[in-house]
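Each remark here refers to the structure printed beneath this line.
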4 protein chains.
Amino acid sequence: MAKVKIGLLGGGRIGRLHGTNLQNFVPDAEVVVLADPFLNDEMAAWAESIGIAKCTKEADEVFADPNVDAVFICSSTNTHAEFIIKAAKAGKAIFCEKPIATEIPDIKEALAAVDEAGVKLQVGFVRRFDRNHKAVRDVVASGELGKPYVVKVCSRDPEGPPMAYVKVSGGIYKDMTIHDFDMVRYLAGCEVTEVYAAGTVLTDPGYADYNDVDTTIITLKFENGAIGVIDNCRTAPYGYDQRVEVHCEKGCVQDNNNLENQAFISTGDGVKSAKPTWFFLERYNDAFVEEEKEFIDCIINDKPTPVNGNDGLQPVRIAIAAGKSLAEGRPVKLEEIEG
Amino acid sequence: MAKVKIGLLGGGRIGRLHGTNLQNFVPDAEVVVLADPFLNDEMAAWAESIGIAKCTKEADEVFADPNVDAVFICSSTNTHAEFIIKAAKAGKAIFCEKPIATEIPDIKEALAAVDEAGVKLQVGFVRRFDRNHKAVRDVVASGELGKPYVVKVCSRDPEGPPMAYVKVSGGIYKDMTIHDFDMVRYLAGCEVTEVYAAGTVLTDPGYADYNDVDTTIITLKFENGAIGVIDNCRTAPYGYDQRVEVHCEKGCVQDNNNLENQAFISTGDGVKSAKPTWFFLERYNDAFVEEEKEFIDCIINDKPTPVNGNDGLQPVRIAIAAGKSLAEGRPVKLEEIEG
Amino acid sequence: MAKVKIGLLGGGRIGRLHGTNLQNFVPDAEVVVLADPFLNDEMAAWAESIGIAKCTKEADEVFADPNVDAVFICSSTNTHAEFIIKAAKAGKAIFCEKPIATEIPDIKEALAAVDEAGVKLQVGFVRRFDRNHKAVRDVVASGELGKPYVVKVCSRDPEGPPMAYVKVSGGIYKDMTIHDFDMVRYLAGCEVTEVYAAGTVLTDPGYADYNDVDTTIITLKFENGAIGVIDNCRTAPYGYDQRVEVHCEKGCVQDNNNLENQAFISTGDGVKSAKPTWFFLERYNDAFVEEEKEFIDCIINDKPTPVNGNDGLQPVRIAIAAGKSLAEGRPVKLEEIEG
Amino acid sequence: MAKVKIGLLGGGRIGRLHGTNLQNFVPDAEVVVLADPFLNDEMAAWAESIGIAKCTKEADEVFADPNVDAVFICSSTNTHAEFIIKAAKAGKAIFCEKPIATEIPDIKEALAAVDEAGVKLQVGFVRRFDRNHKAVRDVVASGELGKPYVVKVCSRDPEGPPMAYVKVSGGIYKDMTIHDFDMVRYLAGCEVTEVYAAGTVLTDPGYADYNDVDTTIITLKFENGAIGVIDNCRTAPYGYDQRVEVHCEKGCVQDNNNLENQAFISTGDGVKSAKPTWFFLERYNDAFVEEEKEFIDCIINDKPTPVNGNDGLQPVRIAIAAGKSLAEGRPVKLEEIEG
């Protein structure tokens, strides 16, 4: 088969990451056009350097282009739902960075368009493609450890975002924990039914100005009877802390962080080794390529995508439930949230 | 100074553990009498084998014995408070296995007697003397990592107790999690102010018959602003899982389990190492000796005991709060609980 | 500066590895021509797919091409010295896969040509660019641990080569241990002065047919007074075992293998984690890119290459000494070997 | 059966270690008499404190005592052979600290007396009873990994002995490496046939004054075809470094050091954990008890001892061969050494 022709929507950090990966590491894909309303010489030069033949400021040109088989939506979050709808109507396969939208009705409208058009949609929950987390999930899914009892995710960023970002981020649950809400669904293999969130401001008083928290613990209940917990913090000076654990009937499976290297020094002061890799670009570097390859493979071999529309919707519902729990100081059932 | 003369109250499993340790490993202590209402030939033979000169069925003989400097209360839980009161009135130093009692008024009455008599009291929260947990706590207490943000304890027993025991255990929070409630206070260096408990029955339906749970996640808030989480399960077929973690401003300190040995085998199937030590007798073996030594040292050098009466009281309050939270499905403030 | 224009000599496995890396990951390089005497449609298609504009069967076309700034010599070993000489005469910078040649006079002739022409030469001892080994060496070189006492390298291949290859390999010391001879020089920061080799045939009796061994231990003495040991085996069913260690005056620095992932499973049978990455393409994947980048950087910024001609020569001398030691059953001084 | 009655010969550091262990941890043993030519009030008080009823300066009183079933020879090395002979003639079971003697003829004379008398003899190679090393050896002995290929032992002391001791120690091979010579025989399950030793003085020039080395690498060949290597250093400021490894046909089994605790701290500077336990009293603490228990068990149940006379002899032969190899700069076959 010929290469899958990609239209890249958005030439910012995440767009360039996908674009570069697709050109270099995904042999069955080819990015043929970049659309970005802020297109300038520098961005065009970048596109040329990786072999993207055409650039435009108009996303609509991409949807209208009969040569484009699939789009990567890497534009700002507020455009995601609209672009999904347009791409679906144009019959393109869709890879969309998370989240689809921050409000449920917008997500549902986008998903309805995808359903109606019968196109493929994959949402960019990249951590599922990390080899450590995937190994944990595969053990759980294999059933070799029996029933899951407890699902745990620890996720800490090395450093907090600028306050200007915090202001518009939608809050920690929609911005940061959303990845963990996806992860627990992935690990448990079923839906969350209830959440209880405790949170506080410890790393920077600025979060309080936006009614946000920077440190939070979320207790979860799952459809399959398991319970779970996520703990998040906006800062961890030792690097990106990304660990998951599933305690099951017959054993426990968990993962450690990737370290910067495997050297260690023993002296009279103790044994010192390298710290975890710094942030998501380092830790999930290979996972981005893997998610791109699987998306292209789903198109070529007409398979369901590994992270579908519902996988895009549910974490947002859980995030909304967590925010409500924090605000109201009580556990919130998912059925209380539109879905 | 002469050896501290000990009266051992209770010749069951935990009494024998303390008795044997005191005779073999605590050079400044000597067990001079054992009192147990179920004294029989076998128990007397055990006492003789480790050099305890006298045995009796009457605890009161121990309290009345002017030769006894201190007592180790290792009898059944329902006798603890009464024995503390009697020992205090007799002016003996007191080591009491946890818990002092399962109800607050009983604890307070016992502590009042201790205060009035001005005797020393140490409660048997042995995990504080484990070298791993102690190393974690010492780092936190040193301040080198700055403010604590998140305190985490994972505690799983290798196998559940008999249902006959579950029936009278007082429930998971008073029986099992109580150690973890002590541990989080020890790690955070301050009091718990609020708890939220989620729990379920997964390992054995029998727990439900006693209105108990076998798997639970408890979210905590602390006086110093930190938040925390404990997760417990009554079964872990790989052994006793005992890990703590404190995430702080400048870094994170945590510990791993002790393994049965440090050998590992690399084959085409992966790398295999030994599992954690089996249960508390293996894991906290050295810690029992350490807590005994520190108690004796506090007597000889007239120092405050490292686990005092309030340390005996507060975990029971937290356990009661956790039980209430589970029953009522809401966070419970510690100030709601008598204390 | 414009990109460094590369002529790639050899389109086999290692040539394609370098070619692909240069095109994808080394922004300042561009492969402009491939020369391979076995050029066919498949190879030409590969070259085209990564953007190499020109292909030829004639290496001389590359040397004659004024557009070519540097060559990557990835052809069969017996052509390396000749190609180095031709490239040097043509004034090209040279990256040459190891070894330069298997006999000393050939290496010296090539190095003389490089010296005379004043061109840059880097030899492909890729392990120096592995982040684990580099971290170990950097600690030693920093002096923070004081004088090196003992240098250790353990290197095991996951599976042995075909006997057809063993026949022409030049023996284990020139073929496999040569990397470790380079590594000990890199770690110790000085020359080897004496070697003693013990070896045997254990994995496959076929090695004996070619007067070779498959398992060997080599003791080394260094100019700086340290001693060292390398152990090699042609098979290790758990994957590529690549560990180094330097024990020094004030401490010891060493590294562990990279594992396939960081997940681990705890059950009643023990704790199981992933095995080391399989072979050099997996383990040294990133190191290949790093060595290419550093070579290009040396050209652009006119710096000495990190693995120079002498670094290409000495491991061959040590390999010859090791072979002599094995044959004669005695330690052999490096000064006995032409150099 | 009644307890095995022990006569303890030697009340120095190692004698007290065995005496205390036997009284406290080996329920089937009882030390009834201590003999030491340097007996004084302090030593007698120690003996009394652990319940040894009788003390004497005369070892012959122990051999003559019909109440004594077995002796622990913990006196100075030069008395070991003589005491073995006397104990054997008196029909006592014998535990003898290593080495039996430093010269072969003395050892052979002692072993002949043991054979003639038909008494049990166990030599104090305590490392065989370390749970890490034992786990490694058990995997090799089980055959699950197939044939052993390479046997490796790394053994480093935290700090060197006083020069006064070095002077009379018999040199590093008889004093320090002798444990490792025992260990490689234990791991390989067969005899050593050839050794090559390289050694140097790096930690303290004083060693050279006694014609000794402080850092050494010894290559070994084994009867079963495997090869091996030991590396030793007299100093390691991070603690007692004791690691073994056996690379086999189907995999590799090795062990790590015990650390002081399992806590670790992650900060911007890296991940720091505790160093290995300090020296043999910390590391082999439990192993001493285990060797004592097994010796007593062999007496009670009439089983062959786990470390017999030949196990006492062979390491001395290997040590002599290593010294000869170092002196002569060539590999030395064991058959060159009287045995």
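The values are calculated or read from the model by the stated rules, or taken from the named source; none is laboratory data. Here the structure is a predicted model, which means the values were calculated and not measured. Here Cβ is always computed from backbone atoms with ideal geometry, including for glycine, and neighbour counts include all displayed protein chains. Each accessible area value is taken on the protein alone, full model and side chains, heavy atoms only, with ligands, DNA and RNA left out. Shrake-Rupley method; radii C 1.70, N 1.55, O 1.52, S 1.80 Å.
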When segment C:114-134 is examined, which residues are found to be of a type in the set (G, A, S) and surrounded by fewer than 20 Cβ atoms within 10 Å (Cβ to Cβ)? C:A117, C:G118
So A:M176 passes all but one of these: (1) in contact with a Ser or Thr (Cβ under 8 Å, 6 or more places away or on another chain); (2) over 20 Å from A:V126 (Cβ atoms). Which condition number does it fail? (2)
Wholly within segment D:180-242, which strands (runs of 3 or more DSSP E) include no fewer than the required count, namely at least 2 residues that are under 17 Å from C:F222 (Cα atoms) and among the small types (G, A, S)? D:192-200
Would you mind finding the one in A:F288, A:F264 that is out of contact with any Lys or Arg (no Cβ under 7 Å at 6 or more places or on another chain) and either crowded, with 20+ Cβ neighbours inside 10 Å or at pLDDT 95 or above (or both)? A:F288
Take segment A:322-339 and flag every residue that is among the small types (G, A, S) and either buried (at least 24 other Cβ atoms within 10 Å of the Cβ) or part of a helix (DSSP H, G or I) (or both). A:A322, A:G323, A:S325, A:A327
Counting only residues that are open to solvent by 20 Å² or more (accessible area, probe 1.4 Å) and within 30 Å of B:E144 (Cα to Cα), segment D:272-285 contains a total of 7
How many residues does segment B:268-290 contain that are under 15 Å from the mean Cα position of the chain (by Cα) and outside any helix (DSSP H, G or I)? 2
Of everything in segment D:110-136, what is under 16 Å from the mean Cα position of the chain (by Cα), in contact (Cβ under 8 Å) with a residue 12 or more places away in the chain and either within 13 Å of another protein chain (Cβ to nearest Cβ) or more than 20 Å from D:C74 (Cα to Cα) (or both)? Give them in sequence order. D:F129, D:D130, D:R131, D:N132, D:H133
Would a scan of segment C:199-207 turn up a residue that is open to solvent by less than 10 Å² (accessible area, probe 1.4 Å), facing another protein chain (nearest Cβ under 9 Å) and over 19 Å from the mean Cα position of the chain (by Cα)? no
Looking only at segment A:255-267, and only at residues there that are part of a loop (DSSP other than H, G, I, E, B) and farther than 27 Å from B:S155 by Cα, the one that is nearest to the chain's Cα centre (by Cα): A:E260
Do we have any residue at all in segment C:95-108 that's in a strand (DSSP E or B), at pLDDT 95 or above and under 22 Å from C:H18 (Cα atoms)? yes
C:K272 passes all but one of (1) free of Cβ contacts under 8 Å to residues at least 12 places away in the same chain; (2) more than 10 Å from every other protein chain (Cβ to nearest Cβ); which number fails? (2)
Which one of C:A141, C:A164, C:A113, C:A87 is touching a Phe, Trp or Tyr at 6+ places or on another chain (Cβ under 8 Å) and in a helix (DSSP H, G or I)? C:A87
Checking C:D175 against (1) closer than 25 Å to D:G225 by Cα; (2) touching a Lys or Arg at 6+ places or on another chain (Cβ under 9 Å); (3) open to solvent by 10 Å² or more (accessible area, probe 1.4 Å): exactly one of these is not met. Which one? (2)
B:V150 fails exactly one of the following numbered conditions: (1) open to solvent by 10 Å² or more (accessible area, probe 1.4 Å); (2) within 14 Å of chain D (Cβ to nearest Cβ); (3) outside any helix (DSSP H, G or I). What is the number of that condition? (1)
Matching entry among D:D41, D:D65, D:D60 (being away from every other protein chain (no Cβ under 14 Å), surrounded by 19 or more Cβ atoms within 10 Å (Cβ to Cβ) and among the charged types (D, E, K, R)): D:D65
Out of the residues in segment A:167-179 that are at pLDDT 95 or above and outside any helix (DSSP H, G or I), state the one that is farthest from B:R243 (Cα to Cα). A:G171
Among the helices (runs of 4 or more DSSP H) lying completely within segment D:1-69, list those that include at least 1 residues that are at pLDDT 95 or above and over 21 Å from the mean Cα position of the chain (by Cα). D:41-49, D:59-64
Quick test for you: out of D:N301, D:N310, pick the one residue that is open to solvent by 40 Å² or more (accessible area, probe 1.4 Å) and within 30 Å of C:G329 (Cβ to Cβ). D:N310
Would a scan of segment A:219-226 turn up a residue that is of a type in the set (G, A, S), touching a Leu at 6+ places or on another chain (Cβ under 8 Å) and more than 14 Å from chain C (Cβ to nearest Cβ)? yes
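To keep it simple, each residue is scored yes or no on (1) of a type in the set (K, R); (2) within 14 Å of C:P315 (Cβ to Cβ).
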| residue | (1), (2) |
| --- | --- |
| C:A93 | no, no |
| C:P99 | no, yes |
| C:E116 | no, no |
| C:K134 | yes, no |
| C:K147 | yes, no |
Could you list all residues from segment B:249-261 that are at the interface with chain D (Cβ under 9 Å from one of its Cβ atoms) and in contact with a Leu (Cβ under 9 Å, 6 or more places away or on another chain)? B:K250, B:G251, B:C252, B:V253
For segment A:301-321, pairs from a residue that is farther than 17 Å from A:E103 by Cβ and in a helix (DSSP H, G or I) to a residue that is open to solvent by less than 30 Å² (accessible area, probe 1.4 Å) and aliphatic (A, V, I, L, M), with Cβ under 6 Å and 6 or more apart or across chains, are A:D311/A:V123
Just checking, how many residues over segment B:236-254 are surrounded by fewer than 24 Cβ atoms within 10 Å (Cβ to Cβ) and within 19 Å of the chain's Cα centre (by Cα)? 4
